[in-house]
Amino acid sequence: MEKEYPLTELCAAFAVSRSGYYDWRERKPSARQQANTRLVEQIQIIRQGEEVCYGSPRMTEELKSRGHTCSENRVARLMREHDLRAQLKPRFVPCTTDSQHDQPIAPTRLAQRAAPDGPNQVWLQDITYVPTAQGWLFLALVMDLWSRKIVGWAMADHLRSELAVGALQMAQTQRRPGKGLLVHSDRGVQYASRETHELLEHHEWVASMSRSGNPYDNAWMESAIGKIKNEVLGRSVPADHVTAQQQLFIGIECWYNQRRRHSALGYQSPVAFETQFMKN
């Protein structure tokens, strides 16, 4: 405004003296203001990675882990003032579950099972789609409900039962669970197939399936799938299946399992949560 109006008139209009105005203009930012500036800079640096999906609670924990002193209210205010919103991808959900089949359906045992208090007590399964310029790529996942860790996965350009079996076999190789493991899924034909049934019987695992038309029975798995797709792929569409597979491998193993903070785990990553458990 100094370029448009004489300083004397501006000072008179705002009821301040010329000396007071010059004192204000030359005054250095307070220690608090400088600290807030540094904090915003750190938030912007963190958001250059997958953490761009973080809202204020997870961002606060990430800042603290990097040695910064801050409260969630302060971080939320700074993010709001600087328009640093969590960035998520809008979802489009095609149907990957074919429950119109004549294969045997397992009872819904998950609701009757106590919440897991250690690894390899309850595993969840699901299949999702990944759009690419080459066409759909399908991703089967197995998650340990206790730690939210993805313990098995498989990718293919088809929805045959070997996709689900491949993810379970990977999980079995990595985790070596004992008898009695509860394996929960939806009612899709891949999970009701003879191949899947034989694998569960061989290891003496217990099958569980969601109620008809009730996706909330597998809500934890649905949530994990949404996070992996939104935070790993974002708004991009991979050029082909190989590119998508590479991005998903890094996203699952290096981001979701190793680094992503989960509120259900006290804002630890699945790997950090399991590591802490083993130490105790």
Exercise. In what sequence do MET221, MET278 fall when counting other Cβ within 10 Å, fewest first?
Worked result: MET278, MET221
Exercise. What residues qualify as long-range amide H neighbours of TYR267, i.e. H under 5 Å apart, gap of 5 or more or another chain, H built at 1.01 Å from N?
Worked result: HIS262
Exercise. Among TYR129, TYR191, TYR54, which comes first, then next, by fewest other beta-carbon atoms within 10 Å?
Worked result: TYR129, TYR54, TYR191
Exercise. Shape call for the range 213-280 from the C-alpha gyration tensor, a ≥ b ≥ c root eigenvalues: rounded (a/c under 1.5), prolate (a/b greater than b/c) or oblate?
Worked result: oblate
Seminar exercise, completed: The simple spin-label model distance between PHE277 and GLN48, using points 7 Å out along Cα→Cβ, in nm, is 3.5 nm
Exercise. Given the Cα-Cα distance of GLU41 and GLN134 and 0.36 nm per residue of separation, how much length would full extension add, in nm?
Worked result: 29.6 nm
Problem set entry | Residue-span extension gain [ARG113 to ALA86] - 0.36 nm each, minus C-alpha spacing | 6.3 nm
For this session: Starting from the Cα-Cα distance between THR173 and LYS64, subtract it from 0.36 nm times their residue separation and give me the gain in nm to one decimal.
Result: 35.7 nm
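Based on DSSP, what percent of beta bridges with both residues in the range 124-280 are antiparallel, to the nearest 5?
The antiparallel fraction comes to roughly 75 percent.
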Exercise. Per-residue HN-Hα couplings for the range 248-262, Karplus 6.51 cos²θ - 1.76 cosθ + 1.60 at θ = phi - 60°, whole Hz, x for Gly and Pro?
Worked result: 5, 4, 5, x, 6, 7, 9, 9, 4, 6, 8, 10, 5, 8, 10
Problem set entry | Burial ordering of VAL232, VAL206, fewest other beta-carbon atoms within 10 Å first | VAL206, VAL232
Seminar exercise, completed: The answer for HIS68, listing residues at least 5 apart or on another chain whose modeled amide H is closer than 5 Å to its amide H, is none
For this session: Please work out whether the range 139-280 counts as rounded, prolate or oblate from its C-alpha gyration tensor, where a ≥ b ≥ c are the square roots of the eigenvalues and a/c under 1.5 means rounded, while otherwise a/b larger than b/c means prolate and anything else oblate?
Result: oblate
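Every number in this text was worked out from the coordinates using simple rules, so none of it is lab data. Since the structure is predicted, the reported quantities are computational estimates derived from the model, not experimental observations. So basically every Cβ, Gly included, is an ideal-geometry build from the backbone, and we count neighbours across all protein chains shown.
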